[in-house]
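The values are calculated or read from the model by the stated rules, or taken from the named source; none is laboratory data. From a predicted model like this one, the values you see are computed outputs, not experimental measurements. Counting neighbours? That spans all protein chains shown, and the Cβs are built from the backbone with ideal geometry, glycine included. Quick note on the areas: whole protein, heavy atoms, side chains included, nothing else; ligands and nucleic acids left out. Shrake-Rupley method; radii C 1.70, N 1.55, O 1.52, S 1.80 Å.
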Amino acid sequence: MQSATASKAANRPGQQTIKQPPQSRARFSGRCSPQERTTLVKNKTRLGRFNSSPPRDKIAPMKASVFIATSLDGFIARADGGIDWLGEPEEDGEDYGFGKFFASVDTLVMGRNSFEKVMSLGSWFYGTTPVVVLTHRSLDVPAGLSSPVIPLSGSPAEVVEELARRGAKHLYIDGGKTVQAFLEAHLIQRIIITRIPVLLGEGIPLFGPLQQDIKLRHIETRAFDNGLVQSEYEVIDPN
């Protein structure tokens, strides 16, 4: 799901208003070429569920980062998916570093629920950056988006391997379940969390159960006048 900073950056150049999509069941965005569609279909049959991973030494070097907002008690959305609380507090002209961060990534990876939530907001926040949606089902993609939307399925390691093969070098990982899966697979190197000064009490958490501790190295923390606090961490490789 888009972060609070993505919402606040919605007025930056590159924002696109989404037209309601026709009720098609096309699996791939119209931005894909016929050759790419064929490749994706082949990959779709090859990739599996989030269960098995190829050896780590077979994965090309890749950087993956998280840039996301949470409530002070660690939720990214209300239990029903609501993110109305992200709009407060505002700070005019401040994008909280999102623009600089987003310029550094070449591919956005999110889960299906996050993608559908973004679609419901009526704006496209990602310019021409390719968006990979992790799903095992066909996907309705609005026509005319400024960037390709590519459905993929597979374990995090398989997805990283496939995107590395396509030339991606820095992934933006977004959405609670997707972040959790990539963290568990030790495929995230940097986490930037902006904490909103609000307590929700319950909701959809950013983090979940882990098979082992994941150690982080604190890089920096910034406090804003409106009460937002942003911390950046490096994920320490356990190997």
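Details
- Here the range 109-184 has 52 percent of its accessible surface on carbon and sulfur atoms, given a 1.4 Å probe and all protein chains in place.
- For LYS169, distant residues with modelled amide H under 5 Å away: ASP106
- A 1.4 Å probe run over the range 92-239, with the rest of the protein chains in place, finds 44 Å² accessible per residue.
- Relative packing of peptides 185-194, 72-81, 112-121 - highest average C-beta neighbours within 10 Å first: 185-194, 112-121, 72-81
- Förster radius 41 Å - calculated FRET efficiency between LEU216 and ALA143 (Cβ-Cβ, nearest 0.05): 0.50
- The Cα atoms of the range 85-239 define a convex hull whose projected area, averaged across directions, is 10.6 nm².
- Amide H contacts under 5 Å for SER155, placed H, 5+ residues apart: GLY48, ASN51, SER52
- Computed over every Cα-Cα pair of the range 68-156 and binned at 10 Å starting from 0, the pair-distance distribution P(r) comes out as 13, 42, 38, 7, 0 percent.
- The calculated FRET efficiency for MET62 paired with ASP92, based on their beta-carbon distance and R0 = 30 Å, is about 0.25.
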